[in-house]
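The values are calculated or read from the model by the stated rules, or taken from the named source; none is laboratory data. None of the values given here were measured: they were computed from a predicted structure. Ideal geometry is used to build each Cβ from the backbone, glycine not excepted, and the neighbour counts take in all protein chains shown. Note: accessible area is taken over every heavy atom of the protein model, side chains too, but ligands, DNA and RNA are not part of it. Shrake-Rupley method; radii C 1.70, N 1.55, O 1.52, S 1.80 Å.
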Amino acid sequence: MPTCTGCSCLCPDIVIKDSKVFNACRKGSAIFKHCKENRAEPTISGEKVDFGKALEKAVEIISSSEKLAVYGLDTIPLEAQEIAIKLAEKKKAYIDDSSAFCLGDFVEMVLKGILPTTTLDEVKSNAYVIFYWGTDPYNSLSRHLSLYTYYPRAGKRQRGYEEDRYLVVVDVRKSHTAKLVKKNAKFIKVDSDEALIEGFLSTMDGKAGKYYEETGRILKEMQRGGFNAIFGGLGLKYGLNGNYEKFVEMVKRMNELTQVYFIPAGFHANMRGFNELMFEKTGFVNRYSFESKKSSPEYEFSELVRNDSVDTVLVIGSDPANSLPFDVLQKLREKRLVLVDPKKSLTSKIAEVVVPSAITGIDQGGTMVRSDGVRIEIEPLWEAEWTDEAILKELLGEVK
Amino acid sequence: MPITPMEVYKLLPKTNCKKCGEQTCMSFAFKLINREKKLEDCTPLFEEKKYAGQLEDLKRLLQPLEEATETGLIVDEELCSGCGNCVVVCPVHASEDPKGMGSGFGPTIDDPILRIEDGVVKVIEMMKCRRYGKNRVLCVACRENCPSDAIRFLEG
């Protein structure tokens, strides 16, 4: 069965029949339906050329670079990411992906064992209280609730969402997900995440702090359920602004009462895969320099471009011109830019060389890591001639 | 917004003439919404000129009735994001397909009530819905769990 690589849910039950896509959400089905449209072509400075020539030029640019940054990588399989990391190592380059401004911090804490974690399958069969903290999965990870967490009946939770689950949504506004809060559920509108964390801590101390009504009830429900999960999103990350100690302490204290696990809500299809590979190899998850052999906030891709710390950029499977701030785009235009991507994008318009690759799950297979760390084998619908793995292997072999 | 009998009643002649076969205009309004009667059954509305304006308003008000399925379900595909909440919560799906839709996956039976097709929800087999037939229940599980209001019912 095809697997959808639209987000880190990696939905395994997609059916394609009579040119219709079944079971995938709007985002996922669009990937399958429009996979042949708007495909990138091999170009050098905007001129269409042979694939071989584009690849040769890419090798030439990367070889002649002195300070190279490798960026993107979140939508390609582990096998290709591994080669990209080797390439960065060979060139003593900077390497980074979108996790620097996405949920990389949480993935790091989970990988280091600071926050206890579990798998989505365990959540599906056991979890009672399910937190969505600073995330709106209805819009960003459409099938998260219906496939893995709140709605499915599985294992110990056979009686459905009304009796066997308790939903908690924490957000600054009434999001679409918060609208699902009805019976057996709580929506907490927060101004500051820290205040709510303090609230939980003081309730556990036996004092009535802020949000005491909600926290008291939720803690009681958590103890009743015995297995609970917190899904933290970008709202939580930026709400805490790097000060995670209190949050970690809260989860730790909750674990003295009952079982509570943390899973990063979701991101690009294989962002966690890249973080795991980097963690195994270097001990850091992103923003790494193979020259100074350390990770630093200065090595974040947008900072590198802004500060002119690099002269050449290799972007793989990403569209930074579209997703990064405008001043970064302006600076990015001054760099020598090599793009390896299956689709035409804003970045492909400004790239010096475009090497067209394949879409994971459509014309290339491989392994991807779901948001909870489970490795999923992805079968391609058909095999493309030039996959990300093949292109990067060629680059790694030829680049000096 | 659901159509209420009161809204319909206000636009009817309110003479209780019984030409439609009902005792009162109010009961005719109820039956209009349940689609047991048609607007054409109210003959004064069409024959007498003074009701022309009201007739236009009524036609506009009852327009969604034409689009709705037999159980009164209206699906707005524009608003749907294909989350599949409705497919998974449906009690009929859970009992007929416990390993598929009941467990969160796509349907493994050929004729589900709702199915996600090309990223939006489609009505496939309405006859199975609990809101259909003689022993009907006013189940609203799918609508309750649609945060974007892509699923509505006529009765509200």
Inset, instruction - Take peptide A:19-29, look around each residue's Cβ out to 10 angstrom, count Cβ atoms belonging to other protein chains, and average those counts. - result: 6
Inset, instruction - Roll a 1.4 Å probe over the protein chains and send me the accessible area per residue for segment B:36-156 in Å². - result: 50
Legend entry - Karplus (6.51, -1.76, 1.60) ³J(HN,Hα), θ = phi - 60°, over segment B:85-90, in Hz, Gly and Pro reported as x: 4, 4, 5, 7, 6, 3
Inset, instruction - Specify whether the C-alpha gyration tensor of segment A:44-192 places it in the rounded, prolate or oblate class, a ≥ b ≥ c being the square roots of the eigenvalues: rounded for a/c under 1.5, otherwise prolate if a/b is larger than b/c and oblate if not. - result: prolate
Legend entry - Cross-link table A:33/B:128; A:183/A:220; A:53/A:91; A:17/A:343; A:293/A:393, entries beyond 26 Å C-alpha to C-alpha: A:33/B:128
Legend entry - Dipole of the protein assembly as shown [Lys/Arg +1, Asp/Glu -1 at C-beta], most positive-end residue of A:152, A:358, A:261: A:152
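Run the dipole for segment B:13-123 about the Cα centre, Lys and Arg Cβ at +1, Asp and Glu Cβ at -1, nothing else charged, and hand back the magnitude in debye, nearest 20.
680
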Legend entry - Cα→Cβ-extended label distance, 7 Å offset, between residue A:390 and residue A:17, nm: 3.2
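Count, for each residue of A:144-150, the Cβ atoms from other chains sitting within 10 Å of its Cβ, then give me the mean as a whole number.
That works out to 5 on average.
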Inset, instruction - Could you pull out the pairs from A:27/A:210; A:237/A:400; A:48/A:281; A:179/B:99 whose alpha carbons sit more than 31 Å apart here? - result: A:27/A:210; A:237/A:400; A:48/A:281
Legend entry - Rg ratio (alpha-carbon, reference 2.2 N^0.38 Å) - segment A:294-378: 1.25
Legend entry - Spin-label proximity, residue A:159 to segment A:206-227 - amide N less than 19 Å from point 7 Å beyond Cα toward beta carbon: A:218-227
Inset, instruction - Show which lysines lie in cross-link reach of residue B:49 when reach means a straight Cα distance below 23 angstrom and same-chain residues fewer than eight apart are skipped. - result: B:10, B:14, B:18, B:19, B:37, B:38, B:59
Legend entry - Cα-based reach from residue A:331 at 16 Å (exclusive), listing lysines while leaving out same-chain residues under 8 positions away: A:67, A:349
Inset, instruction - Could you tell me whether segment A:264-333 comes out rounded, prolate or oblate from its Cα gyration tensor? Rule is a ≥ b ≥ c as square roots of the eigenvalues, rounded for a/c under 1.5, then prolate if a/b exceeds b/c, otherwise oblate. - result: oblate
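Write down the accessible area per residue of segment A:155-301 in Å², having rolled a 1.4 Å probe over the full set of protein chains.
Values: 6620 Å² over 147 residues.
So segment A:155-301 comes to 45 Å² accessible per residue, rounded to a whole number.
For segment A:70-137, what ratio Rg/Rh do Cα atoms give with a Kirkwood hydrodynamic radius?
On the way: Rg = 15.9 Å, Rh = 14.7 Å.
Across segment A:70-137, the Cα-based Rg/Rh ratio is 1.08.
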Legend entry - Rule-of-thumb Rg ratio for segment A:15-125 [Cα; 2.2 N^0.38 Å; N residues]: 1.48
Inset, instruction - Could you tell me whether segment B:80-156 comes out rounded, prolate or oblate from its Cα gyration tensor? Rule is a ≥ b ≥ c as square roots of the eigenvalues, rounded for a/c under 1.5, then prolate if a/b exceeds b/c, otherwise oblate. - result: oblate
Legend entry - Number of partner chain Cβ atoms within 10 Å, mean per residue of B:114-123: 5
Inset, instruction - Read phi for every residue in segment B:46-61 and hand back ³J(HN,Hα) as whole Hz from Karplus 6.51 cos²θ - 1.76 cosθ + 1.60, θ = phi - 60°, with x for Gly and Pro. - result: 8, 7, 8, 5, 5, 8, 4, x, 4, 4, 4, 4, 4, 4, 5, 5
Inset, instruction - Would you please put A:56-68, A:242-254 in order of how densely packed they are, using the mean number of other Cβ atoms within 10 angstrom per residue and starting with the highest? - result: A:56-68, A:242-254
Legend entry - Share antiparallel - DSSP beta bridges, segment A:309-400, percent rounded to 5: 30
Legend entry - Accessible surface buried upon B-A contact (total; probe 1.4 Å; Å², nearest 100): 2400
Inset, instruction - Report, for the protein assembly as shown, the % of DSSP beta bridges that are antiparallel, rounded to 5. - result: 40
Inset, instruction - Set the Förster distance to 60 Å, then compute FRET efficiency between residue A:255 and residue B:134 from the Cβ-Cβ distance, nearest 0.05. - result: 0.70
Inset, instruction - Kindly write out, for segment A:330-340 in residue order, the coupling ³J(HN,Hα) from the Karplus curve 6.51 cos²θ - 1.76 cosθ + 1.60 (θ = phi - 60°), rounded to whole Hz, with x marking Gly and Pro. - result: 4, 6, 4, 5, 7, 8, 7, 10, 10, 10, 10
Inset, instruction - Mind checking which aspartates and glutamates have their Cα closer than 19 Å to the Cα of residue A:186? Skip sequence neighbours fewer than 8 apart in that chain. - result: A:136, A:162, A:163, A:164, A:171, A:194, A:198, A:213, A:214, A:221, B:144
Inset, instruction - Can you tell me the equivalent ellipsoid semi-axes for the protein assembly as shown? Use √(5λ) from the Cα gyration tensor, largest first, whole Å. - result: 50, 31, 21
